[in-house]
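Structure first, then comments.
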Amino acid sequence: MRKGKQTRAAILDAALELASRDGLEGLTIGLLAERMQMSKSGVFAHFGSREDLQLEVVREYHRRFEDEVFFPSLREARGLPRLRAMMNRWMEKRIQEVTTGCIYISGAVEYDDRAASAVREQLVHRVSMWRDALLRAIRQSKDEGHLKPETDPHLMLFELYSFTLGLHHDARFLHLPEAVQLTRDALEKTIVSYQTSNAKAGPDAGAGASTAANLTSQHTDSR
């Protein structure tokens with residue numbers, strides 16, 4: 001990798017970390033230049049404007065999200081095994097983001113009423129891509145006979161998505177140590193309520209709870 005690309009990648013890494021912590025609106029060229037020990041003009045040379053930087057941070061977050069959550073899940077069999085893999089990996093990422101913050105969640109708060117914002121449009125586009133992938137996995141699970149014929153894919157998506165948002169709220173904002181286990185239990189109960197009798201049972205819903213509780217505790221202690 002050439003030096004210019006290495007520098008740009010390093011700036012983007014730092015920008016992603018700062019945006020996760022302070023939000024996309026908290027991301028400034030000046031703050032990033034100070035973090036990188038560069039001049040403002042040096043940062044501008046790679047991204048052109050603050051908005052260009054914010055847009056690229058959203059794209060980079062999504063690329064990493066796909067690499068960590070979506071693409072590995074495609075190795076699982078079509079239907080409920082794949083849907084479960086997507087939810088499990090998403091849960092693990094949410095648990096990690098208890099301490100680091102989530103650009104999609106903070107961005108929804110920052111840009112919910114900014115209709116003319118290019119950053120908002122990029123956030124909506126990327127979040128919608130993930131929601132569409134989940135909806136497709138739910139429909140495939142229904143087609144494979146893993147979910148009951150009367151399953152409403154949109155309702156199931158709403159329920160699963162809402163639980164993960166609730167986890168972030170209760171663990172990161174309220175610092176509730178039981179938030180992770182409650183979310184795991186709620187997700188498992190919901191999936192089981194939809195699945196048919198011949199569908200495979202899910203993994204132990206309690207797995208990883210102690211690690212998640214430790215992360216929540218670390219976040220609380222760091223404040």
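Would you compute, from DSSP H runs of 4+ residues alone, the mean residue ellipticity of the chain at 222 nm, taking -39500 (n - 2.57) per run and dividing by the full residue count, rounded to the nearest 500? The partial results should precede the final answer.
On the way: 10 runs with 153 residues, N = 223.
One gets -22500 deg cm²/dmol as the mean residue ellipticity at 222 nm.
Each label point is 7 Å from the Cα along the Cα-to-Cβ direction; what then is the distance between the points at residue 37 and residue 113, in nm?
Between residue 37 and residue 113, the label points sit 4.3 nm apart.
Count of lysine pairs in the chain with Cα atoms under 21 Å apart, counting only pairs 8 or more residues apart in sequence or on different chains? Walk me through the numbers on the way to the answer.
Values: 3/40; 5/40; 93/189; 142/189; 142/200; 148/189; 148/200; 189/200.
Taking the chain as the scope, the lysine pair count is 8.
Need one number for the chain: average projected area of the convex hull over its C-alpha atoms, nm².
Values: hull surface 54.8 nm².
With the hull built on Cα positions only, its mean projection is 13.7 nm².
At 7 Å along Cα-to-Cβ for each site, give me the label-to-label distance between residue 154 and residue 182 in nm.
2.9 nm
Fewest to most neighbouring Cβ within 10 Å: what's the order for 170, 67?
Values: 170 19, 67 10.
In increasing order of surrounding Cβ atoms, one gets 67, 170.
What ranking of 130, 90 emerges when the number of other C-beta atoms within 10 Å of each C-beta is taken as an exposure proxy, fewest first? Intermediate values should be presented prior to the final figure.
Details: 130 18, 90 21.
Fewest-to-most Cβ neighbours within 10 Å comes out as 130, 90.
For a quick check: sort 154, 168 by the number of other beta carbons within 10 angstrom, fewest at the front. Intermediate values should be presented prior to the final figure.
Details: 154 10, 168 20.
Exposure proxy ranking, most exposed first: 154, 168.
5 Å is the cut-off here: which amide hydrogens, built 1.01 Å from N in the peptide plane, fall below it relative to residue 147, excluding neighbours closer than 5 in sequence?
The list, which skips near neighbours in sequence, is 142, 196.
Every number in this text was worked out from the coordinates using simple rules, so none of it is lab data. Since the structure is predicted, the reported quantities are computational estimates derived from the model, not experimental observations. Because the Cβ atoms are built from the backbone with ideal geometry, glycine has one as well, and the counts that use them run over all protein chains shown.
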